[in-house]
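Below is one structure; the comments refer to it alone.
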Amino acid sequence: MSSSRKFFVGGNWKMNGNKASIDGIIDFLKKGPLNPNTEVVVGCPQCYLSYTRENLPEEIGVAAQNCYKVPKGAFTGEISPAMIKDCGCKWVILGHSERRNVFGESDELISEKVGHALEAGLKVIACIGEKLEERENNQTDEVVFAQMTALQPNITDWSRVVLAYEPVWAIGTGKTATPEQAQDVHAKLRNWLSENVSSEVAESCRIIYGGSVSPANCAELAKMGDIDGFLVGGASLKPDFVTIINAR
Ligand code: PGA
């Protein structure tokens with residue numbers, strides 16, 4: 001188990017919540033107690049970025065859940081990394097499976113977004129993962145390596161990237177990957193980084209798991225050597241999130 005990689009737990013609120021429920025989340029996060037050895041970032045709806053940033057303790061990061069690939073312009077409905085920073089936030093989640101599969105974002109667009117977000121100075125939670133039929137057809141490696149290959153040319157600073165492996169079949173389904181299934185892909189991703197980027201990046205890059213992480217399964221997952229934390233959807237809206245933050 002690596003001690004050099006700080007355990008990282010991200011929350012992904014998705015399109016949930018309002019100021020009142022965000023107040024509740026802020027309350028339980030303030031109450032904690034949160035393991036100081038875990039880096040915590042919450043992914044919040046764009047319209048609440050400022051509100052969340054202003055009310056959450058400084059040591060907890062705030063991420064947008066998406067952004068566009070240029071600083072400004074005629075792109076109705078989009079927001080830019082510059083705007084996220086202007087709201088006081090330092091992170092963005094990109095390439096989430098819902099962006100890929102509900103909104104049809106391509107590997108190429110996601111890669112461009114990651115490139116621009118890094119260029120603008122944000123830190124990025126970059127998400128990848130295979131669908132159920134791809135896993136059943138033994139295409140998991142092929143799919144995640146293709147997603148990595150698309151991302152890589154635009155990643156200019158790996159120290160500001162957290163990689164989230166989220167098998168699509170495990171997201172919001174209550175069907176978590178087993179610790180062995182997740183560890184297997186994480187180890188292959190780390191090996192991919194070693195072969196295609198550098199051994200330093202392979203050693204230092206946090207690879208987190210997402211997909212139905214809960215208080216019941218987080219401790220076993222957190223024991224695996226290549227699982228450096230979690231991206232948590234549903235459970236990040238509830239006090240359960242504190243248990244997951246403290247999983248290791
Ligand atoms: P889930 O979502 O924890 O609700 O499965 C994870 C995610 O979408 O990041």
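The values are calculated or read from the model by the stated rules, or taken from the named source; none is laboratory data. Remember, predicted model here, so these are calculated numbers, not experimental data. Virtual Cβ from ideal backbone geometry, glycine too; neighbours counted across all protein chains shown.
Below, the figures for the structure above:
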quantity	calculated
From the options Arg190, Arg206, residue that is away from the ligand (no atom under 11 Å from the Cβ), touching a Gly at 6+ places or on another chain (Cβ under 7 Å) and closer than 23 Å to Arg248 by Cβ	Arg206
Index of the failed condition, Ser97 passing every other in (1) of a type in the set (Ser, Thr, Tyr); (2) exposed (fewer than 15 other Cβ atoms within 10 Å of the Cβ); (3) within 14 Å of the ligand (Cβ to nearest atom)	(2)
Scan of the stretch 219-248 for residues that are farther than 14 Å from His186 by Cβ, modelled with pLDDT of 95 or more and part of a loop (DSSP other than H, G, I, E, B), ordered by number	Gly233, Lys238, Pro239, Asn246, Ala247
Test result for Trp13, within 16 Å of the ligand (Cβ to nearest atom), within 19 Å of Pro239 (Cβ to Cβ) and not small (Gly, Ala, Ser)	yes
Qualifying residue in the stretch 141-153 (condition: within 16 Å of the ligand (Cβ to nearest atom), free of Cβ contacts under 8 Å to residues at least 40 places away in the same chain, under 18 Å from the mean Cα position of the chain (by Cα) and farther than 22 Å from Asn37 by Cα)	no
Matching entry among Ser214, Ser236 (being within 25 Å of Asn35 (Cβ to Cβ), within 16 Å of the ligand (Cβ to nearest atom) and crowded, with 21+ Cβ neighbours inside 10 Å)	Ser236
Lone unmet requirement of (1) of a type in the set (D, E, K, R); (2) more than 15 Å from the chain's Cα centre (by Cα); (3) more than 16 Å from the ligand (Cβ to nearest atom) for Lys131	(3)
Within the stretch 84-94, tally of residues that are in a helix (DSSP H, G or I) and either within 16 Å of the ligand (Cβ to nearest atom) or of a type in the set (Lys, Arg) (or both)	1
Selection from the stretch 189-218 of residues that are touching a residue at least 40 places away in the same chain (Cβ under 8 Å), assigned to a helix (DSSP H, G or I) and among the charged types (D, E, K, R)	Glu203
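This table checks each residue for (1) closer than 25 Å to Glu54 by Cα; (2) free of Cβ contacts under 8 Å to residues at least 40 places away in the same chain.
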residue: Ile79; (1), (2): yes, yes
residue: Met83; (1), (2): yes, yes
residue: Asp86; (1), (2): yes, yes
residue: Cys89; (1), (2): yes, no
residue: Arg100; (1), (2): no, yes
residue: Gly104; (1), (2): no, yes
residue: Glu108; (1), (2): no, no
residue: Ala117; (1), (2): yes, no
residue: Gly121; (1), (2): yes, no
